[in-house]
1. Being buried (at least 19 other Cβ atoms within 10 Å of the Cβ), in contact with a helix residue (DSSP H, G or I) (Cβ under 7 Å, 6 or more places away or on another chain) and without any contact (Cβ under 8 Å) to a residue 40 or more places away in the chain is the filter here; which residues of the stretch 439-458 pass it?
2. Which of the residues spanning the stretch 147-168 are surrounded by fewer than 20 Cβ atoms within 10 Å (Cβ to Cβ) and in contact with a Gly (Cβ under 9 Å, 6 or more places away or on another chain)?
3. If you go through the stretch 218-267, how many residues are touching a strand residue (DSSP E or B) at 6+ places or on another chain (Cβ under 9 Å) and either part of a helix (DSSP H, G or I) or over 30 Å from G183 (Cβ atoms) (or both)?
4. Being touching a helix residue (DSSP H, G or I) at 6+ places or on another chain (Cβ under 8 Å), among the hydrophobic types (A, V, I, L, M, F, W, C) and either closer than 29 Å to N57 by Cβ or modelled with pLDDT of 95 or more (or both) is the filter here, so list the residues in the stretch 348-376 that pass it.
5. Can you tell me which residues in the stretch 165-189 are out of contact with any helix residue (DSSP H, G or I) (no Cβ under 6 Å at 6 or more places or on another chain) and either under 18 Å from F353 (Cα atoms) or of a type in the set (D, E) (or both)?
6. I need a count of the residues in the stretch 459-498 that are charged (D, E, K, R), under 20 Å from L180 (Cβ atoms) and surrounded by fewer than 17 Cβ atoms within 10 Å (Cβ to Cβ).
Amino acid sequence: MRSLLTTVLLGMLIGADADRHFGTRRSQTHRDPPRRAARRATPSQYLNNRTAEFVVNGTNIPLYSHDLGESYAGLLPIAHEYRVDPNGTDARELFFWFFPSDNPAATDEITIWLTGGPGCSSLVAWNKLTNIVYIEQPVGVGFTQGTPGLLKDEADVAREFLGFWKNFVDAFNLHGRKILVAGESYAGYYIPYITDAMLNADDTRFFNVDGAFMIDPLIGERDAAFQVPQLAMARNFPQLFPFNATFEKQITAVDKTCGFTAFLDEYLVFPAKSVQPPAPTSDGGCDMFDTLLDGMAFLNPCFSSYHITETCPFPADPILNPPDGVEYFNRSDVKAAINAPQTSWAVCLLGVFGGNVDTSKPPNVDALPRVIERLNKTLIVSGALDLELPTNGTLLAIQNMTWNGALGFQNKPFKEQFFVPYVTAATVGDSQGNLWPLAGTGLMGTSHTERGLTFVEVFLAGHQEPQWQPAAAFRQLEWMLGRVESMSGMEDWTVTIN
């Protein structure tokens, strides 16, 4: 399907994160014969003297046989006054891929996607709903240019991002557009700080931010989000973690000594009990996450902490692990097609911060509460099958956050349904001629809103919700853009999905 590969390609433009499961790079050159550029039916409002150099020929994307449509990609510099390099001599540029939408409802808006973890494929491209730009950042990631390691914290990240964004808005004449900032994983740090900086700039001509949308984000103390809920999650899925009695005894003893489940039981309550003390850490033999992975290595050699139902063989990955061993974005013809520099590309890079340490306070301390209070439109999504950042860890962070005059959610966030309309147009047939949807639909999770913050848990989704539950993510985007009134109702899609 045309839109499937579109979003597979887009989702591979990756930001920095602590995710650790990617392979090594190999350098080879592949070339496909060029295809004739499609004629543009009508002049684009985004094509001008400044943007002509970024035009992507949608009929000349390697290994992709359809017309990708109108898009623009390339490097744009960070405005000089926003750069963090002390001498002002570093070439600091971020890479983007911008997909305009032909949806009439999208004329006054744009969505930014900042991804922190593995790339996302999706059944339908998000530019069916809105104009969307995928941005590689901070400097050092992917095709970006400049010296990595100059940033010390998220304030520096936000500062440079705003410097890039001003140039992007000027180039494509997007002044005054409503901005939705979206992303996943470590974007739980990026988004609150970038959005907060946009709001503080008090300049709606460039920074008219309207919403924040975070999928499986890290928003709180790392050990509370990552280590504390591990054993409890494994116990919730005994069929997927079928440990023998000896190993069960071992992990129970570790958990008791380290105090993980005891901490979870005391502080994951509604309403919140109190501000939480520092969570138990992984120090001193208390790395429960790695202990569980060691146990699962014998039971399920293909186990994935990103989606705990995965089994052998590993799913095919034509982007990061293609049969010929060459990552898609390391092909020279791909780089040429999307106006990228002919440099080595890596899906992730440690070291974008000085000393590989982000010195920022967790977003739930102050940046995220400010964003929630000022926007009144913040969505946090958690995949029910994500062991990297389990739902209970995200909820612990929410229960340790004060916004709009109260600490945490006052009520349990699992009472309202999250409903996804049926994808009747996007189907596949079986041998008997029956048609089945290509994405999960119907009752797909739970939804809860209090004081400007909405939390959704998505059934059957792992760490990258748009990959495993693309229709669910698409519905959430509709809601964030104001296309539908509720995620619990049964309103039909606002666009045709095909």
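The values are calculated or read from the model by the stated rules, or taken from the named source; none is laboratory data. Just so it is clear, the model here is predicted, and its values are computed rather than measured. In this analysis, Cβ positions are derived from the backbone assuming ideal geometry, glycine residues included, and neighbour counts consider all displayed protein chains.
1. The answer is G440, M444.
2. Listed by number, the residues that qualify are T147, P148, G149, K152.
3. Initially, the stretch 218-267 is screened for residues touching a strand residue (DSSP E or B) at 6+ places or on another chain (Cβ under 9 Å), giving 219.
The next check asks that each one be either part of a helix (DSSP H, G or I) or over 30 Å from G183 (Cβ atoms) (or both); those that pass are none.
So the count comes out to 0.
4. Going through the stretch 348-376, the residues touching a helix residue (DSSP H, G or I) at 6+ places or on another chain (Cβ under 8 Å) turn out to be 350, 358, 360-364, 367-368, 370-371, 374-375.
Now narrow it down to the ones that are among the hydrophobic types (A, V, I, L, M, F, W, C): 350, 367-368, 371, 375.
Residues satisfying the conditions are A367, L368, V371, L375.
5. D170, E184, S185, Y186, A187, G188
6. Narrowing the stretch 459-498 to residues charged (D, E, K, R): 465, 475, 478, 483, 485, 491-492.
From what is left, the residues that are under 20 Å from L180 (Cβ atoms) are 465, 475, 478, 483, 485, 491.
Now narrow it down to the ones that are surrounded by fewer than 17 Cβ atoms within 10 Å (Cβ to Cβ): 485, 491.
Residues that pass the stated criteria total 2.
So that you can scan it fast, the table gives a plain yes or no per residue for (1) part of a strand (DSSP E or B); (2) under 22 Å from N376 (Cα atoms); (3) not basic (K, R):
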residue: T449; (1), (2), (3): yes, yes, yes
residue: Q467; (1), (2), (3): no, no, yes
residue: A471; (1), (2), (3): no, no, yes
residue: R483; (1), (2), (3): no, yes, no
residue: M487; (1), (2), (3): no, yes, yes
residue: V495; (1), (2), (3): no, no, yes
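So that you can scan it fast, the table gives a plain yes or no per residue for (1) touching a strand residue (DSSP E or B) at 6+ places or on another chain (Cβ under 9 Å); (2) surrounded by 24 or more Cβ atoms within 10 Å (Cβ to Cβ); (3) at positive phi; (4) basic (K, R):
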{"site": "G142", "(1), (2), (3), (4)": "yes, no, yes, no"}
{"site": "N173", "(1), (2), (3), (4)": "no, no, yes, no"}
{"site": "S185", "(1), (2), (3), (4)": "yes, yes, yes, no"}
{"site": "L199", "(1), (2), (3), (4)": "yes, no, no, no"}
{"site": "D210", "(1), (2), (3), (4)": "yes, no, no, no"}
